[in-house]
Amino acid sequence: MADSLALRLQASDVIGSVYALGFQRQSTLQERGTVLKFVEKYGSVAFCRAILSSNKLIYLN
């Protein structure tokens, strides 16, 4: 699932795309700073996996 989500991201704004799709909101500046470090170290697929594992994820059937 994380791989599929990563494929849907806009290359120009990976962080914003994940927050919009997963949480239905924009990320804060603090979140962006933290996530940017994470994505640089582990990649966007790992970030997508973390979002999908989050208890904040909004899932609509």
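Quick note: the coordinates plus some simple rules give every number you see, no bench work behind them. The structure presented is a predicted model; accordingly, all values stated were derived computationally and were not measured. Glycine gets a Cβ as well: all are built from the backbone with ideal geometry, and neighbour counts include every protein chain shown.
Observations
- In a reduced charge model with +1 at each Lys and Arg Cβ and -1 at each Asp and Glu Cβ, segment 2-53 shows a dipole moment near 80 debye about its Cα centre.
- From its DSSP helices (H runs of at least four residues, each -39,500 (n - 2.57)), the chain gives a residue-normalised ellipticity at 222 nm of -20000 deg cm²/dmol.
- Cα gyration tensor shape for segment 2-53, rounded if a/c is under 1.5, else prolate or oblate: rounded
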